1. Could you please give the count of residues in the range 1-60 that are among the aromatic types (Phe, Trp, Tyr) and in contact (Cβ under 8 Å) with a residue 40 or more places away in the chain?
2. Which one of the conditions (1) touching a Leu at 6+ places or on another chain (Cβ under 7 Å); (2) without any contact (Cβ under 8 Å) to a residue 40 or more places away in the chain does ASN70 fail to meet, given that it meets all the rest?
3. Anything in the range 12-55 that is more than 27 Å from PRO110 (Cα to Cα), among the hydrophobic types (A, V, I, L, M, F, W, C) and surrounded by 10 or more Cβ atoms within 10 Å (Cβ to Cβ)? List them, or say none.
4. Could you please find all residues in the range 1-56 being closer than 30 Å to GLY157 by Cβ and of a type in the set (Ser, Thr, Tyr)?
5. Does SER148 satisfy the criteria of being small (Gly, Ala, Ser), modelled with pLDDT under 85 and not in a loop (DSSP other than H, G, I, E, B)?
6. Kindly provide the set of residues from the range 138-185 that are surrounded by 15 or more Cβ atoms within 10 Å (Cβ to Cβ) and at positive phi, ordered by number.
7. Would you pick out the residues in the range 124-142 that are closer than 27 Å to ALA186 by Cα and not aromatic (Phe, Trp, Tyr)?
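The values are calculated or read from the model by the stated rules, or taken from the named source; none is laboratory data. None of the values given here were measured: they were computed from a predicted structure. FYI the Cβ positions are ideal-geometry reconstructions off the backbone, even for glycines, and counts take in every protein chain you see.
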Amino acid sequence: MPKITARRCRFTNEVFESDFKFGEHLKALREEKKRQRDRRATRAKMNEVFRSIRETVRCAADMEKAIMENWPTFVATCSSDREVGKHPDLVSINITFDWDDQVSNSHSAPIGKKTNWRGDLKNEPRSYPGWKGKISYKLSHDSPGWNSDYFCDPNCGINTGSGGGGWEHSRYALDLFAEDWPLMAAPVTWAKLQEVK
């Protein structure tokens, strides 16, 4: 009676009838594991850059400078492998904002906190102190995706809202939460403490 030999992958439990197919499977697994490791390393670097920006920015001008200097990190938040090299450079940026005791958390929230669309979460706040404003910028050429995607990472602390535009000029509403930007919040906190006296 003929003997059939098969290989079972200990990682996926799949069975392969030939050594060649099994080898190809293992090669694909190794490549995917490497991609995952690379993505985790990239994510860790991005989170560190975003944390550093949030902890050192004192005003809108600092934020504009930090975004310009770290634009590749913002690009990496919305890039897939097939889009590498297609994203535009940031030509110019303008950020304005004013303090608001109640910045809505319906669509975005401070890092690590929950959004509360329509106040559905009864035990969660419906707003946090922070700043409301606008962010506008010019790109070197059209983006392969939505222009607001550059600020969609939940750890960057820059929350864009309604708006739009093309590569020539994009403008979005901006929400910033005080607890994400400690150096910007410090003077406001100090002023509020002085009012209490």
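1. So the first thing to find is which residues in the range 1-60 are among the aromatic types (Phe, Trp, Tyr), and the list is 11, 16, 20, 22, 50.
Those still in the list that are in contact (Cβ under 8 Å) with a residue 40 or more places away in the chain too: 50.
Count: 1.
2. (1)
3. Correct list: VAL15, PHE16, PHE22, LEU26, ALA28, LEU29.
4. As a first pass, look at the range 1-56 and keep what is closer than 30 Å to GLY157 by Cβ: 35-56.
Those that are closer than 30 Å to GLY157 by Cβ and of a type in the set (Ser, Thr, Tyr): THR42, SER52, THR56.
5. On the way: small (Gly, Ala, Ser): yes; modelled with pLDDT under 85: yes; not in a loop (DSSP other than H, G, I, E, B): yes.
Yes: the conditions hold for SER148.
6. Passing the criteria: GLY157, GLY163, GLY165.
7. Matches in the range 124-142: GLU124, PRO125, ARG126, SER127, PRO129, GLY130, LYS132, GLY133, LYS134, ILE135, SER136.
Per-residue answers, yes or no, for (1) of a type in the set (Ser, Thr, Tyr); (2) over 19 Å from the mean Cα position of the chain (by Cα):
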residue: PHE97; (1), (2): no, yes
residue: ILE111; (1), (2): no, no
residue: TRP117; (1), (2): no, yes
residue: ASN123; (1), (2): no, yes
residue: SER127; (1), (2): yes, yes
residue: SER136; (1), (2): yes, no
residue: ARG171; (1), (2): no, no
residue: GLU179; (1), (2): no, no
residue: PRO187; (1), (2): no, yes
